[in-house]
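Let me begin by presenting the structure, written as C-alpha coordinates, before commenting on it.
The values are calculated or read from the model by the stated rules, or taken from the named source; none is laboratory data. Here the structure is a predicted model, which is why all the values come from computation and not from measurement. A quick note on method: Cβ atoms are made from the backbone with ideal geometry, for glycine too, and the neighbour counts reach across all protein chains shown.
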Amino acid sequence: MRGVAVGVTTAATIAVGNLVGAGRGDKLEAASPSAEKSAPTADHARLPSNRMPTMPTIVAISRAGDVSSGGAGRAMVHHPSSGEHGQRSTPRYSLLTVFDGVRTLAGVEPCEPDGRPALAGVRVVDLTQFEAGTSCTETLAWLGADVIKVEEPTRGDQGRSASSETPGMDSFYFLLLNANKRSVTCNLKHPRGRELLCRLIQDADVFIENFGPGVIERLGFGYDEVRRINPRIIYAQIKGFAPGGPYEKFLAFDMIAQAVGGAMSTTGEPGGRPLKPGPTIGDTGTGLHTAIGILAALYQRQFTGRGQRIEVAMQEAVVNFCRIAYASQLLWNKPAPRIGNRSVMGTNAPSEAYACKGGGPNDYCYVYTTRAGNHHWERLLHVIGREDLLDDPRFRDNKDRFANKDAVDAVLMPWIAQRTKREVMEALGKAGIPAGAVFDTDELINDPFLRERGMFCTIEHPVRGKLTMPGWPVKMSDSHVPVVSAPLLGQDNQQIYSELLGCTPEQLEALHSEEVI
(Lines give C-alpha, C1' and ligand atoms only; values in the text may rest on other atoms or scores of the structure.)
Protein backbone atom coordinates (compact mmCIF):
# COMPACT_ATOMS: atom_id res chain seq x y z
CA MET A 1 0.00 0.00 0.00
CA ARG A 2 1.37 3.39 -0.96
CA GLY A 3 0.84 6.52 1.11
CA VAL A 4 1.04 6.82 4.87
CA ALA A 5 2.31 4.03 7.07
CA VAL A 6 3.22 3.93 10.74
CA GLY A 7 5.90 1.59 12.01
CA VAL A 8 5.26 -0.03 15.40
CA THR A 9 7.97 -2.23 16.88
CA THR A 10 7.32 -3.25 20.48
CA ALA A 11 4.11 -1.31 20.83
CA ALA A 12 0.43 -1.98 20.44
CA THR A 13 -1.84 0.34 18.53
CA ILE A 14 -5.24 1.17 19.94
CA ALA A 15 -8.09 3.55 19.25
CA VAL A 16 -9.28 5.38 22.31
CA GLY A 17 -10.70 8.67 21.14
CA ASN A 18 -11.37 10.77 18.10
CA LEU A 19 -8.96 12.89 16.19
CA VAL A 20 -11.41 15.53 15.11
CA GLY A 21 -9.42 16.51 12.05
CA ALA A 22 -10.11 13.27 10.16
CA GLY A 23 -11.95 13.84 6.95
CA ARG A 24 -15.27 12.43 5.85
CA GLY A 25 -15.26 9.38 3.61
CA ASP A 26 -11.92 8.00 4.84
CA LYS A 27 -11.11 4.31 4.44
CA LEU A 28 -9.49 2.07 7.04
CA GLU A 29 -6.87 -0.51 6.22
CA ALA A 30 -4.74 -2.59 8.55
CA ALA A 31 -1.59 -4.67 8.13
CA SER A 32 0.92 -6.41 10.35
CA PRO A 33 4.53 -5.15 10.50
CA SER A 34 5.77 -7.82 8.10
CA ALA A 35 4.25 -8.63 4.73
CA GLU A 36 0.74 -7.92 5.96
CA LYS A 37 0.63 -11.04 8.12
CA SER A 38 -1.89 -11.46 10.89
CA ALA A 39 -4.05 -8.52 9.94
CA PRO A 40 -5.95 -7.31 13.01
CA THR A 41 -9.62 -7.94 13.25
CA ALA A 42 -12.18 -5.17 13.28
CA ASP A 43 -12.46 -5.65 17.02
CA HIS A 44 -8.91 -4.42 17.48
CA ALA A 45 -9.98 -1.05 16.19
CA ARG A 46 -12.81 -0.85 18.68
CA LEU A 47 -11.22 -1.90 21.95
CA PRO A 48 -12.01 0.26 24.97
CA SER A 49 -9.12 2.31 26.33
CA ASN A 50 -8.39 -0.15 29.17
CA ARG A 51 -7.80 -3.12 26.83
CA MET A 52 -4.72 -3.54 24.70
CA PRO A 53 -4.38 -5.78 21.63
CA THR A 54 -1.71 -8.41 22.19
CA MET A 55 0.12 -8.06 18.88
CA PRO A 56 1.86 -5.00 17.50
CA THR A 57 0.07 -3.78 14.40
CA ILE A 58 0.30 -1.18 11.72
CA VAL A 59 -2.92 0.61 11.06
CA ALA A 60 -3.14 3.06 8.18
CA ILE A 61 -5.89 5.21 6.81
CA SER A 62 -6.06 7.10 3.57
CA ARG A 63 -8.58 9.42 2.06
CA ALA A 64 -11.21 7.61 0.02
CA GLY A 65 -10.20 7.11 -3.59
CA ASP A 66 -6.59 8.04 -2.86
CA VAL A 67 -5.07 4.83 -1.51
CA SER A 68 -2.94 4.00 -4.50
CA SER A 69 -2.01 7.55 -5.33
CA GLY A 70 -0.01 8.22 -2.19
CA GLY A 71 -2.21 11.19 -1.38
CA ALA A 72 -2.63 13.08 1.85
CA GLY A 73 -3.88 10.28 4.08
CA ARG A 74 -3.62 10.02 7.85
CA ALA A 75 -2.55 7.09 9.95
CA MET A 76 -5.37 6.57 12.40
CA VAL A 77 -7.69 3.97 13.89
CA HIS A 78 -11.46 4.04 13.61
CA HIS A 79 -13.35 4.60 16.83
CA PRO A 80 -17.11 5.07 16.36
CA SER A 81 -18.72 7.32 18.91
CA SER A 82 -22.20 6.88 20.23
CA GLY A 83 -24.54 8.78 22.44
CA GLU A 84 -27.93 8.25 23.91
CA HIS A 85 -29.46 9.88 20.85
CA GLY A 86 -27.76 7.59 18.34
CA GLN A 87 -24.56 7.11 16.40
CA ARG A 88 -22.53 10.02 15.08
CA SER A 89 -23.14 10.24 11.36
CA THR A 90 -19.47 10.68 10.52
CA PRO A 91 -16.85 8.45 12.18
CA ARG A 92 -13.83 10.10 13.80
CA TYR A 93 -10.39 8.61 14.19
CA SER A 94 -7.41 8.37 16.49
CA LEU A 95 -4.06 6.60 16.64
CA LEU A 96 -2.30 5.93 19.92
CA THR A 97 0.68 3.76 20.67
CA VAL A 98 1.71 2.39 24.04
CA PHE A 99 5.46 2.18 24.64
CA ASP A 100 6.33 0.37 27.87
CA GLY A 101 2.98 1.31 29.33
CA VAL A 102 3.32 5.01 28.57
CA ARG A 103 0.79 6.34 26.08
CA THR A 104 2.16 8.62 23.41
CA LEU A 105 0.93 9.71 20.04
CA ALA A 106 2.42 7.41 17.44
CA GLY A 107 5.04 8.77 15.10
CA VAL A 108 3.56 9.41 11.67
CA GLU A 109 5.65 9.87 8.58
CA PRO A 110 5.51 13.56 7.61
CA CYS A 111 3.41 14.41 4.60
CA GLU A 112 2.71 17.59 2.69
CA PRO A 113 0.08 19.90 4.24
CA ASP A 114 -3.36 19.27 2.77
CA GLY A 115 -4.53 22.85 3.19
CA ARG A 116 -6.87 22.18 6.10
CA PRO A 117 -6.36 24.36 9.20
CA ALA A 118 -5.44 22.98 12.60
CA LEU A 119 -8.99 22.55 13.94
CA ALA A 120 -10.63 21.45 10.70
CA GLY A 121 -13.47 19.08 11.58
CA VAL A 122 -14.04 20.50 15.06
CA ARG A 123 -17.61 21.69 15.44
CA VAL A 124 -18.44 24.23 18.16
CA VAL A 125 -21.96 25.01 19.36
CA ASP A 126 -21.53 28.58 20.55
CA LEU A 127 -24.03 30.12 22.98
CA THR A 128 -21.77 32.97 24.03
CA GLN A 129 -22.46 36.69 24.17
CA PHE A 130 -20.62 39.95 24.79
CA GLU A 131 -16.83 39.39 25.00
CA ALA A 132 -15.50 36.75 27.39
CA GLY A 133 -17.18 33.89 25.56
CA THR A 134 -17.11 35.29 22.04
CA SER A 135 -13.36 35.94 22.20
CA CYS A 136 -12.89 32.25 23.00
CA THR A 137 -14.98 30.99 20.10
CA GLU A 138 -13.45 33.50 17.69
CA THR A 139 -10.07 32.07 18.65
CA LEU A 140 -11.30 28.56 17.84
CA ALA A 141 -12.71 29.80 14.53
CA TRP A 142 -9.38 31.39 13.59
CA LEU A 143 -7.74 28.02 14.27
CA GLY A 144 -10.13 26.41 11.79
CA ALA A 145 -13.06 25.17 13.87
CA ASP A 146 -16.61 25.39 12.51
CA VAL A 147 -18.21 27.72 15.07
CA ILE A 148 -22.00 27.79 14.95
CA LYS A 149 -23.25 30.79 16.87
CA VAL A 150 -26.71 30.03 18.27
CA GLU A 151 -28.67 33.24 18.89
CA GLU A 152 -32.06 34.37 20.12
CA PRO A 153 -34.17 35.12 16.99
CA THR A 154 -35.32 38.70 17.62
CA ARG A 155 -32.12 40.48 18.68
CA GLY A 156 -29.36 37.86 18.85
CA ASP A 157 -26.22 38.24 20.92
CA GLN A 158 -26.68 41.32 23.10
CA GLY A 159 -23.34 42.56 21.82
CA ARG A 160 -24.87 43.15 18.38
CA SER A 161 -26.70 46.24 19.59
CA ALA A 162 -24.41 47.21 22.47
CA SER A 163 -22.43 50.34 21.60
CA SER A 164 -23.83 50.51 18.07
CA GLU A 165 -23.96 54.06 16.75
CA THR A 166 -26.81 53.14 14.38
CA PRO A 167 -29.98 51.39 15.57
CA GLY A 168 -30.48 48.05 13.86
CA MET A 169 -26.87 47.80 12.70
CA ASP A 170 -24.39 45.38 14.26
CA SER A 171 -21.89 47.22 16.44
CA PHE A 172 -18.17 47.35 15.73
CA TYR A 173 -17.81 45.71 19.14
CA PHE A 174 -19.73 42.70 17.86
CA LEU A 175 -17.94 42.56 14.52
CA LEU A 176 -14.51 42.44 16.13
CA LEU A 177 -15.45 39.50 18.38
CA ASN A 178 -17.41 37.25 16.02
CA ALA A 179 -15.41 36.94 12.82
CA ASN A 180 -15.25 33.59 11.02
CA LYS A 181 -18.40 32.23 12.67
CA ARG A 182 -21.75 31.06 11.29
CA SER A 183 -25.01 32.25 12.84
CA VAL A 184 -28.30 30.45 13.37
CA THR A 185 -31.29 31.67 15.32
CA CYS A 186 -32.98 29.38 17.81
CA ASN A 187 -35.61 30.16 20.44
CA LEU A 188 -34.49 28.09 23.41
CA LYS A 189 -37.70 28.92 25.28
CA HIS A 190 -39.70 27.04 22.63
CA PRO A 191 -39.82 23.21 22.75
CA ARG A 192 -38.95 22.91 19.06
CA GLY A 193 -36.06 25.32 19.54
CA ARG A 194 -34.67 23.15 22.30
CA GLU A 195 -35.08 20.14 20.03
CA LEU A 196 -33.02 21.86 17.32
CA LEU A 197 -30.24 22.62 19.78
CA CYS A 198 -30.25 19.02 21.01
CA ARG A 199 -29.73 17.85 17.44
CA LEU A 200 -26.84 20.27 16.94
CA ILE A 201 -25.26 19.03 20.17
CA GLN A 202 -25.42 15.39 19.06
CA ASP A 203 -22.71 15.86 16.44
CA ALA A 204 -20.71 18.66 18.08
CA ASP A 205 -17.29 18.55 19.66
CA VAL A 206 -17.57 21.63 21.87
CA PHE A 207 -20.46 23.37 23.65
CA ILE A 208 -19.73 26.74 25.26
CA GLU A 209 -21.81 29.37 27.07
CA ASN A 210 -21.30 32.43 29.26
CA PHE A 211 -24.82 33.32 30.33
CA GLY A 212 -25.45 34.66 33.82
CA PRO A 213 -25.29 32.14 36.67
CA GLY A 214 -28.04 29.52 36.43
CA VAL A 215 -29.44 30.62 33.06
CA ILE A 216 -28.21 27.67 30.98
CA GLU A 217 -29.54 25.22 33.56
CA ARG A 218 -32.96 26.89 33.50
CA LEU A 219 -32.97 26.56 29.71
CA GLY A 220 -32.44 22.81 30.14
CA PHE A 221 -28.85 22.56 28.89
CA GLY A 222 -26.77 22.13 32.00
CA TYR A 223 -23.71 19.90 31.87
CA ASP A 224 -25.46 16.67 32.88
CA GLU A 225 -28.11 17.05 30.18
CA VAL A 226 -25.67 17.98 27.42
CA ARG A 227 -23.36 15.12 28.43
CA ARG A 228 -26.32 12.75 28.28
CA ILE A 229 -26.98 13.84 24.69
CA ASN A 230 -23.31 13.58 23.68
CA PRO A 231 -20.88 11.96 26.16
CA ARG A 232 -17.90 13.02 24.03
CA ILE A 233 -18.62 16.74 24.06
CA ILE A 234 -16.33 19.33 25.63
CA TYR A 235 -18.64 21.53 27.73
CA ALA A 236 -17.15 24.93 28.57
CA GLN A 237 -18.57 27.62 30.85
CA ILE A 238 -17.36 31.12 31.67
CA LYS A 239 -18.70 32.87 34.76
CA GLY A 240 -17.59 35.85 36.80
CA PHE A 241 -16.87 33.80 39.90
CA ALA A 242 -16.14 30.16 40.62
CA PRO A 243 -18.99 27.83 41.58
CA GLY A 244 -19.32 27.07 45.26
CA GLY A 245 -17.84 30.40 46.32
CA PRO A 246 -19.56 33.28 48.13
CA TYR A 247 -20.01 35.26 44.90
CA GLU A 248 -21.00 32.47 42.50
CA LYS A 249 -24.38 34.03 41.71
CA PHE A 250 -22.96 37.51 41.07
CA LEU A 251 -22.80 39.01 37.60
CA ALA A 252 -19.48 40.23 36.21
CA PHE A 253 -18.07 42.14 33.29
CA ASP A 254 -14.46 42.87 32.41
CA MET A 255 -14.00 45.73 34.86
CA ILE A 256 -15.57 43.73 37.70
CA ALA A 257 -13.19 40.86 37.02
CA GLN A 258 -10.23 43.26 36.96
CA ALA A 259 -11.31 44.69 40.31
CA VAL A 260 -11.88 41.38 42.11
CA GLY A 261 -8.94 39.65 40.40
CA GLY A 262 -6.38 42.14 41.70
CA ALA A 263 -5.44 43.97 38.50
CA MET A 264 -6.86 47.32 39.61
CA SER A 265 -5.12 47.15 42.99
CA THR A 266 -1.72 47.30 41.27
CA THR A 267 -2.63 49.82 38.54
CA GLY A 268 -2.28 53.54 39.17
CA GLU A 269 0.10 56.08 40.63
CA PRO A 270 1.57 55.65 44.13
CA GLY A 271 -0.89 57.07 46.62
CA GLY A 272 -3.55 57.45 43.93
CA ARG A 273 -6.80 55.62 43.34
CA PRO A 274 -6.86 52.17 41.66
CA LEU A 275 -7.30 52.32 37.88
CA LYS A 276 -8.68 49.79 35.43
CA PRO A 277 -6.02 48.63 32.95
CA GLY A 278 -6.96 49.41 29.35
CA PRO A 279 -6.80 45.91 27.81
CA THR A 280 -9.83 43.77 28.61
CA ILE A 281 -7.95 40.99 30.33
CA GLY A 282 -11.04 40.13 32.38
CA ASP A 283 -13.01 39.37 29.22
CA THR A 284 -10.73 38.39 26.34
CA GLY A 285 -8.12 37.16 28.83
CA THR A 286 -10.69 34.74 30.24
CA GLY A 287 -11.74 33.74 26.74
CA LEU A 288 -8.17 32.82 25.85
CA HIS A 289 -7.80 30.78 29.04
CA THR A 290 -10.99 28.93 28.09
CA ALA A 291 -9.70 28.25 24.58
CA ILE A 292 -6.54 26.73 26.05
CA GLY A 293 -8.66 24.47 28.23
CA ILE A 294 -10.80 23.40 25.26
CA LEU A 295 -7.74 22.56 23.16
CA ALA A 296 -6.30 20.52 26.02
CA ALA A 297 -9.61 18.69 26.49
CA LEU A 298 -9.81 17.85 22.78
CA TYR A 299 -6.32 16.39 23.01
CA GLN A 300 -7.11 14.44 26.19
CA ARG A 301 -10.17 12.99 24.51
CA GLN A 302 -7.80 11.14 22.19
CA PHE A 303 -6.76 9.07 25.20
CA THR A 304 -10.00 8.77 27.16
CA GLY A 305 -12.71 8.84 24.52
CA ARG A 306 -14.68 11.11 26.84
CA GLY A 307 -15.60 14.75 26.90
CA GLN A 308 -15.35 16.84 30.04
CA ARG A 309 -16.50 20.03 31.70
CA ILE A 310 -14.39 23.18 31.65
CA GLU A 311 -15.12 26.00 34.09
CA VAL A 312 -13.25 29.29 33.94
CA ALA A 313 -13.98 32.09 36.40
CA MET A 314 -13.11 35.59 35.23
CA GLN A 315 -11.81 36.49 38.68
CA GLU A 316 -9.37 33.60 38.60
CA ALA A 317 -8.20 34.32 35.06
CA VAL A 318 -7.26 37.85 36.13
CA VAL A 319 -5.42 36.43 39.15
CA ASN A 320 -3.34 34.39 36.72
CA PHE A 321 -2.50 37.52 34.72
CA CYS A 322 -1.32 39.13 37.97
CA ARG A 323 1.14 36.34 38.73
CA ILE A 324 4.16 38.66 39.01
CA ALA A 325 2.30 40.80 41.56
CA TYR A 326 2.37 37.75 43.81
CA ALA A 327 6.14 37.62 43.44
CA SER A 328 6.09 41.14 44.91
CA GLN A 329 3.75 39.92 47.66
CA LEU A 330 6.14 37.11 48.53
CA LEU A 331 9.24 39.29 48.22
CA TRP A 332 8.03 42.13 50.47
CA ASN A 333 5.38 40.28 52.53
CA LYS A 334 2.77 42.98 51.88
CA PRO A 335 0.21 43.76 49.17
CA ALA A 336 1.74 44.53 45.81
CA PRO A 337 1.59 48.33 45.51
CA ARG A 338 0.48 50.72 42.80
CA ILE A 339 3.72 51.94 41.36
CA GLY A 340 2.73 53.85 38.23
CA ASN A 341 4.58 52.74 35.11
CA ARG A 342 7.31 50.95 37.00
CA SER A 343 7.60 47.20 37.36
CA VAL A 344 5.32 45.82 40.04
CA MET A 345 8.31 44.00 41.52
CA GLY A 346 9.77 47.37 42.52
CA THR A 347 13.37 46.26 42.05
CA ASN A 348 14.87 48.08 39.08
CA ALA A 349 15.27 51.38 37.27
CA PRO A 350 14.88 52.74 34.69
CA SER A 351 11.44 51.32 34.19
CA GLU A 352 9.32 54.20 32.99
CA ALA A 353 7.59 55.90 30.05
CA TYR A 354 9.52 59.08 29.27
CA ALA A 355 8.17 62.13 27.44
CA CYS A 356 9.57 62.55 23.93
CA LYS A 357 9.79 65.33 21.37
CA GLY A 358 6.39 66.25 19.95
CA GLY A 359 4.42 66.78 23.13
CA GLY A 360 1.41 64.71 21.99
CA PRO A 361 -0.67 62.56 24.36
CA ASN A 362 1.20 59.43 23.27
CA ASP A 363 4.63 60.90 22.53
CA TYR A 364 6.37 58.73 25.08
CA CYS A 365 8.84 55.88 24.98
CA TYR A 366 9.09 53.20 27.65
CA VAL A 367 12.65 52.35 28.65
CA TYR A 368 13.49 49.30 30.74
CA THR A 369 16.72 47.73 31.92
CA THR A 370 16.94 44.23 33.31
CA ARG A 371 17.44 43.51 36.99
CA ALA A 372 19.51 40.45 36.00
CA GLY A 373 22.75 42.38 35.55
CA ASN A 374 24.22 45.73 34.55
CA HIS A 375 24.64 45.18 30.80
CA HIS A 376 21.50 47.08 29.74
CA TRP A 377 22.35 50.00 31.99
CA GLU A 378 25.91 50.17 30.71
CA ARG A 379 24.74 50.11 27.08
CA LEU A 380 22.23 52.85 27.86
CA LEU A 381 24.92 55.11 29.29
CA HIS A 382 27.04 54.61 26.18
CA VAL A 383 24.15 55.50 23.86
CA ILE A 384 23.27 58.72 25.67
CA GLY A 385 26.91 59.71 26.11
CA ARG A 386 27.05 59.41 29.90
CA GLU A 387 29.93 56.98 30.30
CA ASP A 388 31.03 59.17 33.22
CA LEU A 389 28.33 57.48 35.31
CA LEU A 390 29.55 53.90 34.77
CA ASP A 391 31.30 53.86 38.16
CA ASP A 392 28.81 56.08 40.02
CA PRO A 393 27.99 54.26 43.31
CA ARG A 394 24.36 55.42 43.09
CA PHE A 395 23.90 53.17 40.06
CA ARG A 396 26.14 50.25 41.02
CA ASP A 397 23.44 47.57 40.58
CA ASN A 398 19.69 47.33 40.09
CA LYS A 399 18.93 47.80 43.80
CA ASP A 400 21.01 50.95 43.94
CA ARG A 401 19.41 52.27 40.77
CA PHE A 402 15.92 51.64 42.14
CA ALA A 403 16.80 53.35 45.39
CA ASN A 404 17.92 56.33 43.28
CA LYS A 405 15.25 56.07 40.61
CA ASP A 406 14.60 59.81 40.52
CA ALA A 407 18.27 60.38 39.77
CA VAL A 408 18.10 57.75 37.03
CA ASP A 409 15.14 59.58 35.49
CA ALA A 410 17.01 62.87 35.66
CA VAL A 411 19.88 61.31 33.69
CA LEU A 412 17.65 59.99 30.90
CA MET A 413 14.97 62.62 30.49
CA PRO A 414 17.00 65.39 28.78
CA TRP A 415 18.38 63.02 26.12
CA ILE A 416 14.95 61.44 25.44
CA ALA A 417 13.11 64.79 25.34
CA GLN A 418 15.22 65.89 22.34
CA ARG A 419 14.08 62.95 20.19
CA THR A 420 10.80 61.55 18.88
CA LYS A 421 9.50 58.35 20.37
CA ARG A 422 10.48 56.40 17.25
CA GLU A 423 13.99 57.85 17.30
CA VAL A 424 14.39 56.86 20.95
CA MET A 425 13.06 53.35 20.33
CA GLU A 426 15.29 52.81 17.30
CA ALA A 427 18.45 54.16 18.92
CA LEU A 428 18.04 52.10 22.06
CA GLY A 429 16.66 49.02 20.34
CA LYS A 430 19.64 48.84 17.97
CA ALA A 431 21.96 49.02 20.97
CA GLY A 432 20.26 46.05 22.65
CA ILE A 433 18.28 48.04 25.21
CA PRO A 434 14.56 47.24 25.71
CA ALA A 435 12.55 50.27 24.60
CA GLY A 436 9.06 50.71 23.19
CA ALA A 437 7.37 53.75 21.70
CA VAL A 438 3.80 54.27 22.94
CA PHE A 439 1.84 53.58 19.76
CA ASP A 440 -1.85 54.45 19.72
CA THR A 441 -4.62 52.56 17.94
CA ASP A 442 -4.49 54.81 14.88
CA GLU A 443 -0.76 54.34 14.45
CA LEU A 444 -1.08 50.57 14.80
CA ILE A 445 -4.05 50.06 12.51
CA ASN A 446 -2.21 52.00 9.78
CA ASP A 447 1.18 50.34 10.30
CA PRO A 448 2.17 48.98 6.84
CA PHE A 449 4.11 46.03 8.26
CA LEU A 450 1.27 44.93 10.54
CA ARG A 451 -1.10 45.25 7.57
CA GLU A 452 1.19 43.15 5.39
CA ARG A 453 1.61 40.53 8.10
CA GLY A 454 -2.14 40.23 8.58
CA MET A 455 -2.34 41.56 12.11
CA PHE A 456 -4.80 44.05 10.67
CA CYS A 457 -7.13 42.84 7.92
CA THR A 458 -9.65 44.61 5.74
CA ILE A 459 -12.86 42.63 5.37
CA GLU A 460 -16.13 43.20 3.54
CA HIS A 461 -19.22 43.37 5.74
CA PRO A 462 -22.59 42.96 3.98
CA VAL A 463 -23.99 46.11 5.63
CA ARG A 464 -21.05 48.23 6.75
CA GLY A 465 -18.88 47.57 3.71
CA LYS A 466 -15.09 47.59 4.06
CA LEU A 467 -13.84 47.36 7.63
CA THR A 468 -10.30 47.04 8.98
CA MET A 469 -9.94 45.02 12.17
CA PRO A 470 -7.27 43.19 14.16
CA GLY A 471 -6.65 39.64 12.98
CA TRP A 472 -5.21 36.64 14.81
CA PRO A 473 -1.63 37.03 16.14
CA VAL A 474 -0.66 33.34 16.16
CA LYS A 475 0.98 32.48 12.85
CA MET A 476 1.21 28.77 11.97
CA SER A 477 3.15 27.35 9.05
CA ASP A 478 0.57 24.68 8.17
CA SER A 479 -2.67 26.32 9.31
CA HIS A 480 -4.06 29.38 7.57
CA VAL A 481 -7.55 30.80 8.10
CA PRO A 482 -8.38 34.06 6.29
CA VAL A 483 -10.38 36.54 8.36
CA VAL A 484 -13.99 36.85 7.21
CA SER A 485 -16.76 39.10 8.47
CA ALA A 486 -18.95 38.31 11.43
CA PRO A 487 -22.30 36.88 10.27
CA LEU A 488 -25.59 38.71 10.18
CA LEU A 489 -28.21 37.41 12.60
CA GLY A 490 -29.44 34.02 11.37
CA GLN A 491 -27.41 34.32 8.18
CA ASP A 492 -26.70 30.58 8.06
CA ASN A 493 -30.09 29.18 9.14
CA GLN A 494 -30.85 27.49 5.85
CA GLN A 495 -27.39 26.07 5.29
CA ILE A 496 -26.90 24.66 8.79
CA TYR A 497 -30.42 23.43 9.48
CA SER A 498 -30.76 21.82 6.07
CA GLU A 499 -27.27 20.36 5.66
CA LEU A 500 -26.66 19.28 9.25
CA LEU A 501 -30.18 18.49 10.43
CA GLY A 502 -31.88 17.68 7.13
CA CYS A 503 -34.62 20.29 7.43
CA THR A 504 -36.61 20.93 4.27
CA PRO A 505 -37.51 24.45 3.07
CA GLU A 506 -41.09 23.81 4.16
CA GLN A 507 -39.95 22.82 7.64
CA LEU A 508 -37.74 25.89 7.92
CA GLU A 509 -40.63 28.10 6.89
CA ALA A 510 -42.81 26.49 9.55
CA LEU A 511 -40.12 26.98 12.19
CA HIS A 512 -39.87 30.62 11.23
CA SER A 513 -43.61 31.20 11.33
CA GLU A 514 -43.76 29.58 14.78
CA GLU A 515 -40.98 31.93 15.96
CA VAL A 516 -38.67 29.00 16.63
CA ILE A 517 -35.92 30.44 14.41
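Table for the structure above
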{"quantity": "Matching entry among Ile416, Ile459, Ile433, Ile517 (being surrounded by 13 or more Cβ atoms within 10 Å (Cβ to Cβ) and touching a Gly at 6+ places or on another chain (Cβ under 9 Å))", "calculated": "Ile517"}
{"quantity": "Among (1) among the β-branched types (Val, Ile, Thr); (2) over 26 Å from Val474 (Cα atoms); (3) part of a helix (DSSP H, G or I), the one test that Ile294 misses", "calculated": "(2)"}
{"quantity": "Positions within the range 472-517 being part of a loop (DSSP other than H, G, I, E, B) and of a type in the set (Ser, Thr, Tyr), in sequence order", "calculated": "Ser477, Ser485, Thr504"}
{"quantity": "Within the range 351-394, considering residues that are touching a His at 6+ places or on another chain (Cβ under 9 Å) and within 20 Å of Ala417 (Cα to Cα), the one surrounded by the most Cβ atoms within 10 Å (Cβ to Cβ)", "calculated": "Thr369"}
{"quantity": "Unique match (being farther than 21 Å from Val147 by Cβ and either assigned to a strand (DSSP E or B) or out of contact with any strand residue (DSSP E or B) (no Cβ under 9 Å at 6 or more places or on another chain) (or both)) among Glu460, Glu452", "calculated": "Glu452"}
{"quantity": "Residue within the range 252-273 that is closer than 25 Å to Gln158 by Cα, of a type in the set (Asp, Glu) and surrounded by 22 or more Cβ atoms within 10 Å (Cβ to Cβ) present", "calculated": "yes"}
{"quantity": "Total residues in the range 470-502, condition closer than 18 Å to Pro153 by Cβ and of a type in the set (Val, Ile, Thr)", "calculated": "1"}
{"quantity": "Sole residue being under 29 Å from Val383 (Cβ atoms) and of a type in the set (Val, Ile, Thr), chosen from Thr420, Thr441", "calculated": "Thr420"}
{"quantity": "Enumeration of residues in the range 349-360 that are in contact (Cβ under 8 Å) with a residue 12 or more places away in the chain, at negative phi and assigned to a loop (DSSP other than H, G, I, E, B)", "calculated": "Ala349, Pro350, Cys356, Lys357"}
{"quantity": "Residue in the range 201-216 that is within 27 Å of Tyr299 (Cβ to Cβ) and in contact with a Pro (Cβ under 9 Å, 6 or more places away or on another chain) present", "calculated": "no"}
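Yes or no, residue by residue, for (1) assigned by TED's automatic domain parsing to the domain that holds Phe221; (2) surrounded by fewer than 20 Cβ atoms within 10 Å (Cβ to Cβ):
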residue	(1), (2)
Gly115	no, yes
Ala132	yes, no
Ala162	yes, yes
Gly168	yes, yes
Asn178	yes, no
